[in-house]
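Below is one structure. I have some questions about it.
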Amino acid sequence: MQTAPTETGLVIPVPEIDDFVQRWRPFDAVPLVGVPAHVTILYPWVPPPVPDTDLAALSALVGNFEPFDFELTEVRWFGTDVVYVAPDPAEPFAALTRAVTARWPEHPPYEGEIDDPLPHVTLVHGGPIEAMTRAGEEAAALLPIRCRAEELWLMVGGRDPAVWSIDRRYRLRGRRPDSSATMA
């Protein structure tokens, strides 16, 4: 039986490596069902149900960012718990995280446990070291992978069970605020 969502997260999907990540997902300590390969922009965000005012503010904020190209260039590790692929450039992801965090300071990245999160695509988290090592080796043989960030997804889910789904998709459009608008 699936329970109502208790958490949200904002992610940039990376479909170019999703098949690879999904193949290794069963080795994760806590498989996140429904979560595609992605770069996390902010987790957790506003708890569900997200107020319409926050959804509108997020749409406006994301709409100011332009789509961008990046490459997955290098396999790295966070300690012995996470093997991941680094995007290059990482700055567009970091800029989006900073903008969202500035708008919602009451929701810091990873509940304040990580001040300045490093943009990355997780391959395996908390699995057997042999599986993590193998995933890293196989991913390295595929690199570099050219990618394009065009959308930010609002994902909803929880930890018990760890089932997630896409709630909304926001296009990176590169719109600039209307300079002709009257300032109050």
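The values are calculated or read from the model by the stated rules, or taken from the named source; none is laboratory data. Please read these numbers as outputs of a predicted model, since none were measured by experiment. Cβ: placed from backbone, ideal geometry, glycine included. Neighbour counts: every protein chain shown.
If you check residue 140 against the conditions, is it modelled with pLDDT of 95 or more and among the hydrophobic types (A, V, I, L, M, F, W, C)? Break it down into steps so the answer makes sense when it comes.
Working: modelled with pLDDT of 95 or more: yes; among the hydrophobic types (A, V, I, L, M, F, W, C): yes.
It is true that residue 140 is modelled with pLDDT of 95 or more and among the hydrophobic types (A, V, I, L, M, F, W, C).
Do you know which of the residues in the stretch 58-86 that are among the hydroxyl-bearing types (Ser, Thr, Tyr) and touching a residue at least 60 places away in the same chain (Cβ under 8 Å) is farthest from residue 14 (Cα to Cα)? I'd like the intermediate steps shown before the answer.
Here is the first cut: in the stretch 58-86, the residues among the hydroxyl-bearing types (Ser, Thr, Tyr) are 59, 73, 80, 84.
Next cut, touching a residue at least 60 places away in the same chain (Cβ under 8 Å) only: 59, 73.
Details: 59: 20, 73: 13 Å.
Here the residue is 59.
Pairs only if they're at least six apart or on different chains, beta carbon under 7 angstrom, first in the stretch 159-182 and of a type in the set (Asp, Glu), second modelled with pLDDT of 90 or more and part of a strand (DSSP E or B); list them, first residue then second.
167/154; 167/155; 167/156
State all residues of the stretch 38-61 that are surrounded by 15 or more Cβ atoms within 10 Å (Cβ to Cβ) and either within 22 Å of residue 122 (Cβ to Cβ) or charged (D, E, K, R) (or both); if no residue qualifies, say none.
38, 39, 40, 41, 42, 43, 44, 45, 54
Given the criteria closer than 18 Å to residue 157 by Cα, crowded, with 17+ Cβ neighbours inside 10 Å, modelled with pLDDT of 95 or more and not β-branched (Val, Ile, Thr), does residue 107 qualify? Spell out how you get there, then give the answer.
On the way: closer than 18 Å to residue 157 by Cα: yes; crowded, with 17+ Cβ neighbours inside 10 Å: yes; modelled with pLDDT of 95 or more: yes; not β-branched (Val, Ile, Thr): yes.
Taking the combined requirement at face value, the residue satisfies it.
If you don't mind, there's one more thing I want to ask. Give 55, 123 a once-over and let me know the one that is touching a residue at least 24 places away in the same chain (Cβ under 8 Å) and more than 26 Å from residue 3 (Cβ to Cβ).
123
While we're here: If I filter the stretch 6-26 for residues that are hydrophobic (A, V, I, L, M, F, W, C), touching a Pro at 6+ places or on another chain (Cβ under 7 Å) and under 20 Å from residue 126 (Cα atoms), do I get at least one hit?
First pass over the stretch 6-26, keeping only residues hydrophobic (A, V, I, L, M, F, W, C): 10-12, 14, 17, 20-21, 24.
Narrowing further to those that are touching a Pro at 6+ places or on another chain (Cβ under 7 Å): none.
Scanning the stretch 6-26 turns up no residue that is hydrophobic (A, V, I, L, M, F, W, C), touching a Pro at 6+ places or on another chain (Cβ under 7 Å) and under 20 Å from residue 126 (Cα atoms).
Restricting to the stretch 76-89, name every residue that is surrounded by fewer than 15 Cβ atoms within 10 Å (Cβ to Cβ) and small (Gly, Ala, Ser).
Listed by number, the list holds a single entry, 79.
Follow-up. Looking only at residues in the stretch 45-62 that are assigned to a loop (DSSP other than H, G, I, E, B) and under 14 Å from residue 105 (Cβ atoms), which one is farthest from the chain's Cα centre (by Cα)? Break it down into steps so the answer makes sense when it comes.
The initial filter retains those residues of the stretch 45-62 that are assigned to a loop (DSSP other than H, G, I, E, B), namely 45-51.
Those left that are additionally under 14 Å from residue 105 (Cβ atoms): 45-46.
Details: 45: 11, 46: 15 Å.
Within the stretch 45-62, the match that is farthest from the chain's Cα centre (by Cα) is 46.
While we're looking at this one, here's another question. Quick check on residue 138: is it farther than 14 Å from residue 28 by Cα and of a type outside the set (Gly, Ala, Ser)? Steps first, please.
Working: farther than 14 Å from residue 28 by Cα: yes; of a type outside the set (Gly, Ala, Ser): yes.
So residue 138 passes the test.
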